[in-house]
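In what follows, a single structure is set out as C-alpha coordinates and then discussed.
The values are calculated or read from the model by the stated rules, or taken from the named source; none is laboratory data. Quick caveat, the model's predicted, so the values are computed rather than measured. Ideal geometry is used to build each Cβ from the backbone, glycine not excepted, and the neighbour counts take in all protein chains shown. Protein only, heavy atoms only, side chains kept; ligands, DNA and RNA dropped before computing areas. Shrake-Rupley method; radii C 1.70, N 1.55, O 1.52, S 1.80 Å.
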Amino acid sequence: MYDLRPETPADMPEVEALLDLCFAPGRTALSSYRLREGVDPVGPLCLTLRNEFGVLVGAIRYWPVQIGGQPVLLLGPVAVHPTTQGEGLGGLLMRESLNRATGMGWSRVMLVGDLPYYQRFGFNKLEDVEMPPPTNPDRVLGIELVPGAWAGIRGTVERAIDPQARSGPDAPRHSG
(Lines give C-alpha, C1' and ligand atoms only; values in the text may rest on other atoms or scores of the structure.)
Protein backbone atom coordinates (compact mmCIF):
# COMPACT_ATOMS: atom_id res chain seq x y z
CA MET A 1 0.00 0.00 0.00
CA TYR A 2 1.26 3.45 -0.90
CA ASP A 3 0.40 6.94 0.28
CA LEU A 4 0.29 9.48 -2.57
CA ARG A 5 0.02 13.13 -1.57
CA PRO A 6 1.24 16.61 -2.53
CA GLU A 7 4.80 17.42 -1.52
CA THR A 8 5.13 19.66 1.54
CA PRO A 9 8.08 21.81 2.62
CA ALA A 10 8.86 19.12 5.23
CA ASP A 11 9.30 16.57 2.39
CA MET A 12 11.91 18.65 0.55
CA PRO A 13 15.07 17.20 2.17
CA GLU A 14 13.92 13.63 1.51
CA VAL A 15 12.86 14.44 -2.05
CA GLU A 16 16.22 16.10 -2.76
CA ALA A 17 18.03 13.06 -1.32
CA LEU A 18 15.97 10.76 -3.55
CA LEU A 19 16.79 12.90 -6.60
CA ASP A 20 20.49 12.81 -5.69
CA LEU A 21 20.29 9.03 -5.41
CA CYS A 22 18.47 8.55 -8.72
CA PHE A 23 20.30 11.10 -10.89
CA ALA A 24 23.85 12.11 -11.64
CA PRO A 25 25.51 14.56 -9.24
CA GLY A 26 25.51 17.26 -11.93
CA ARG A 27 21.72 17.16 -12.34
CA THR A 28 21.29 20.76 -11.20
CA ALA A 29 23.50 21.99 -14.07
CA LEU A 30 20.94 20.85 -16.67
CA SER A 31 19.06 23.49 -18.66
CA SER A 32 15.74 22.44 -17.12
CA TYR A 33 17.06 23.45 -13.69
CA ARG A 34 17.95 26.91 -14.99
CA LEU A 35 14.33 27.35 -16.10
CA ARG A 36 13.21 26.58 -12.53
CA GLU A 37 15.50 29.02 -10.73
CA GLY A 38 13.46 31.65 -8.91
CA VAL A 39 10.17 30.10 -10.04
CA ASP A 40 7.80 28.34 -7.67
CA PRO A 41 6.80 24.81 -8.65
CA VAL A 42 3.16 24.00 -9.34
CA GLY A 43 2.55 22.77 -5.79
CA PRO A 44 -0.59 20.67 -6.26
CA LEU A 45 1.20 18.64 -8.97
CA CYS A 46 4.39 17.98 -6.98
CA LEU A 47 3.61 14.60 -5.46
CA THR A 48 5.32 12.23 -3.09
CA LEU A 49 4.77 8.51 -2.76
CA ARG A 50 5.51 6.72 0.51
CA ASN A 51 5.36 3.04 1.36
CA GLU A 52 3.51 1.50 4.30
CA PHE A 53 6.46 2.36 6.58
CA GLY A 54 6.39 6.03 5.61
CA VAL A 55 9.57 5.77 3.53
CA LEU A 56 9.70 8.01 0.49
CA VAL A 57 9.83 5.78 -2.61
CA GLY A 58 8.86 8.25 -5.34
CA ALA A 59 8.40 11.88 -6.23
CA ILE A 60 7.36 13.98 -9.19
CA ARG A 61 7.54 17.74 -9.72
CA TYR A 62 6.14 20.25 -12.22
CA TRP A 63 7.16 23.81 -13.05
CA PRO A 64 5.52 26.52 -15.12
CA VAL A 65 7.40 27.61 -18.24
CA GLN A 66 6.36 29.41 -21.39
CA ILE A 67 6.89 29.03 -25.11
CA GLY A 68 6.01 31.95 -27.33
CA GLY A 69 4.25 33.56 -24.37
CA GLN A 70 1.99 30.51 -23.88
CA PRO A 71 1.89 28.61 -20.58
CA VAL A 72 3.35 25.11 -20.53
CA LEU A 73 3.96 22.67 -17.70
CA LEU A 74 7.52 21.35 -17.45
CA LEU A 75 7.41 17.89 -15.90
CA GLY A 76 10.41 16.79 -13.95
CA PRO A 77 12.08 15.40 -12.28
CA VAL A 78 10.27 12.16 -11.61
CA ALA A 79 12.14 9.68 -9.45
CA VAL A 80 11.51 6.25 -7.98
CA HIS A 81 13.80 4.72 -5.37
CA PRO A 82 16.02 2.06 -6.96
CA THR A 83 14.68 -0.65 -4.62
CA THR A 84 11.15 -0.14 -5.94
CA GLN A 85 11.84 0.50 -9.62
CA GLY A 86 9.97 -1.84 -11.95
CA GLU A 87 6.87 -1.91 -9.72
CA GLY A 88 4.93 0.65 -11.79
CA LEU A 89 5.36 3.49 -9.29
CA GLY A 90 6.73 5.89 -11.91
CA GLY A 91 3.67 5.18 -14.03
CA LEU A 92 1.40 5.80 -11.05
CA LEU A 93 3.06 9.18 -10.43
CA MET A 94 2.83 10.09 -14.11
CA ARG A 95 -0.83 9.13 -14.58
CA GLU A 96 -2.04 10.70 -11.35
CA SER A 97 -0.17 13.97 -11.86
CA LEU A 98 -1.26 14.30 -15.50
CA ASN A 99 -4.88 13.72 -14.45
CA ARG A 100 -4.51 16.41 -11.78
CA ALA A 101 -2.93 18.80 -14.30
CA THR A 102 -5.90 18.30 -16.62
CA GLY A 103 -8.28 18.96 -13.75
CA MET A 104 -6.44 22.19 -12.95
CA GLY A 105 -6.96 23.48 -16.48
CA TRP A 106 -3.49 22.96 -17.94
CA SER A 107 -3.56 22.08 -21.63
CA ARG A 108 0.01 21.00 -22.45
CA VAL A 109 2.97 19.36 -20.71
CA MET A 110 6.56 18.95 -21.81
CA LEU A 111 9.61 17.16 -20.46
CA VAL A 112 13.12 16.15 -21.40
CA GLY A 113 13.38 12.37 -21.44
CA ASP A 114 13.52 9.09 -23.31
CA LEU A 115 10.74 8.71 -25.87
CA PRO A 116 10.47 4.89 -25.53
CA TYR A 117 9.56 5.29 -21.83
CA TYR A 118 7.34 8.38 -21.98
CA GLN A 119 5.50 7.45 -25.19
CA ARG A 120 3.36 4.99 -23.19
CA PHE A 121 1.85 8.01 -21.40
CA GLY A 122 1.11 9.83 -24.67
CA PHE A 123 4.27 11.94 -25.04
CA ASN A 124 5.76 12.56 -28.49
CA LYS A 125 8.76 14.46 -29.79
CA LEU A 126 8.17 18.20 -30.04
CA GLU A 127 9.57 19.28 -33.40
CA ASP A 128 9.19 23.05 -33.02
CA VAL A 129 10.16 23.46 -29.36
CA GLU A 130 13.72 24.15 -28.32
CA MET A 131 15.11 23.73 -24.81
CA PRO A 132 18.10 25.89 -23.91
CA PRO A 133 21.40 24.11 -24.60
CA PRO A 134 22.84 21.65 -23.96
CA THR A 135 19.65 19.62 -24.51
CA ASN A 136 19.38 16.90 -27.13
CA PRO A 137 16.39 17.94 -29.31
CA ASP A 138 15.32 14.28 -29.66
CA ARG A 139 14.60 14.25 -25.91
CA VAL A 140 12.22 17.24 -25.92
CA LEU A 141 8.79 15.62 -25.57
CA GLY A 142 5.25 16.85 -25.07
CA ILE A 143 1.68 15.73 -24.50
CA GLU A 144 -1.61 17.49 -25.15
CA LEU A 145 -4.01 17.41 -22.21
CA VAL A 146 -6.50 19.22 -24.44
CA PRO A 147 -6.69 18.20 -28.13
CA GLY A 148 -4.79 20.64 -30.34
CA ALA A 149 -3.01 22.31 -27.41
CA TRP A 150 0.42 22.13 -29.09
CA ALA A 151 -0.84 23.48 -32.43
CA GLY A 152 1.06 26.64 -33.29
CA ILE A 153 3.27 26.46 -30.19
CA ARG A 154 6.88 26.85 -31.25
CA GLY A 155 10.04 28.47 -30.07
CA THR A 156 12.41 28.39 -27.14
CA VAL A 157 11.31 27.32 -23.69
CA GLU A 158 11.60 30.23 -21.27
CA ARG A 159 10.98 30.88 -17.61
CA ALA A 160 7.33 31.38 -16.78
CA ILE A 161 5.76 34.75 -16.44
CA ASP A 162 3.58 35.15 -13.36
CA PRO A 163 0.71 32.71 -14.03
CA GLN A 164 -1.56 34.90 -11.86
CA ALA A 165 -1.12 37.74 -14.37
CA ARG A 166 -2.33 35.66 -17.34
CA SER A 167 -5.88 35.79 -18.51
CA GLY A 168 -7.73 34.24 -21.37
CA PRO A 169 -8.92 30.77 -22.35
CA ASP A 170 -5.54 29.06 -21.94
CA ALA A 171 -4.59 30.59 -18.58
CA PRO A 172 -4.16 27.74 -16.10
CA ARG A 173 -6.37 27.75 -13.04
CA HIS A 174 -3.83 27.25 -10.26
CA SER A 175 -2.14 29.18 -7.51
CA GLY A 176 1.44 29.02 -8.59
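I'd like the carbon and sulfur percentage of the solvent accessible area for segment 12-152, probe radius 1.4 Å, heavy atoms only, ligands and nucleic acids excluded.
Numbers: 3560 of 6370 Å².
Percent of accessible area from carbon and sulfur atoms in segment 12-152: 56.
Separation between the Arg120 and Ile161 pseudo-spin-labels, each 7 Å from Cα along Cα→Cβ, expressed in nm?
The modelled label-to-label distance comes out at 3.9 nm.
By how many nm would the segment from Ala24 to Glu52 grow when fully extended, if each residue of separation counts as 0.36 nm and the alpha-carbon distance is taken off?
So the extension gain works out to 7.3 nm.
Please work out the average accessible area per residue across segment 1-78, using the 1.4 Å probe convention, and give it in Å². The partial results should precede the final answer.
Details: 3550 Å² over 78 residues.
The answer is 46 Å² per residue.
If each of Leu4 and Ser31 carries a label point 7 Å out from its Cα toward its Cβ, how far apart are those two points in nm?
Each label point lies 7 Å from its Cα, and together they span 3.1 nm.
Taking Cα pairs under 8 Å and at least six residues apart, what relative contact order does the chain come out at, in percent?
Working: 312 pairs, mean separation 41.0, N = 176.
Across the chain, relative contact order equals 23 percent.
Compute the angle between helix 12-22 and the longest alpha-carbon principal axis of the chain, please, reported from 0 to 90 degrees and rounded to the nearest 10.
90
For the chain, how big is Rg over Rh, using alpha carbon atoms and the Kirkwood form of Rh?
Details: Rg = 15.5 Å, Rh = 16.5 Å.
Computed over Cα atoms, the ratio is 0.94.
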